[in-house]
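The values are calculated or read from the model by the stated rules, or taken from the named source; none is laboratory data. What you see is a predicted model; the values in this text were computed from it and never measured. With ideal geometry, Cβ positions are generated from the backbone for all residues, glycine too; neighbour counts draw on all protein chains shown.
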Amino acid sequence: MGSKILVVDNHPLVLKLIANLLEKSGHEVRIAEDGLSALDILKSYASDIIFVDLVMPNISGEKLCRIIRNMPHLQGYSLSYFQPSPQRRSLISRPWGRMPASPRGV
């Protein structure tokens, strides 16, 4: 089996896309829609890797990363953060039928 991964993002489509890709690669994935939900999950879920969106409501991804780094039981976890550019964020928000092709992907 692959790694245990937590993905934190407030955009449902991004969460679904990343979770599906990771699960198809054999990883166990949990998702959280914001930093507060992520902290609740991390109370009982020992994740190997945590992917965090930097731009989120309630607790920003940057603040969430600082909180996680200061929690003794979460020391040694791999944290990776991402921040879609405004152009890519607007592409993700468009209806499926109107999404333009992008050579770099979305």
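Summary table
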{"quantity": "Given (1) within 17 Å of residue 82 (Cα to Cα); (2) at pLDDT below 95, index of the condition residue 31 fails", "calculated": "(2)"}
{"quantity": "Residue match in the range 24-34 (condition: among the hydroxyl-bearing types (Ser, Thr, Tyr) and either touching a residue at least 40 places away in the same chain (Cβ under 8 Å) or surrounded by 13 or more Cβ atoms within 10 Å (Cβ to Cβ) (or both))", "calculated": "no"}
{"quantity": "Members of the range 1-39 found to be of a type outside the set (Val, Ile, Thr) and closer than 17 Å to residue 62 by Cα, listed by number", "calculated": "6, 9, 10, 11, 32, 33, 34, 35, 36, 37, 38, 39"}
{"quantity": "Residue within the range 81-90 that is farther than 15 Å from residue 11 by Cβ and either aromatic (Phe, Trp, Tyr) or at pLDDT 70 or above (or both) present", "calculated": "no"}
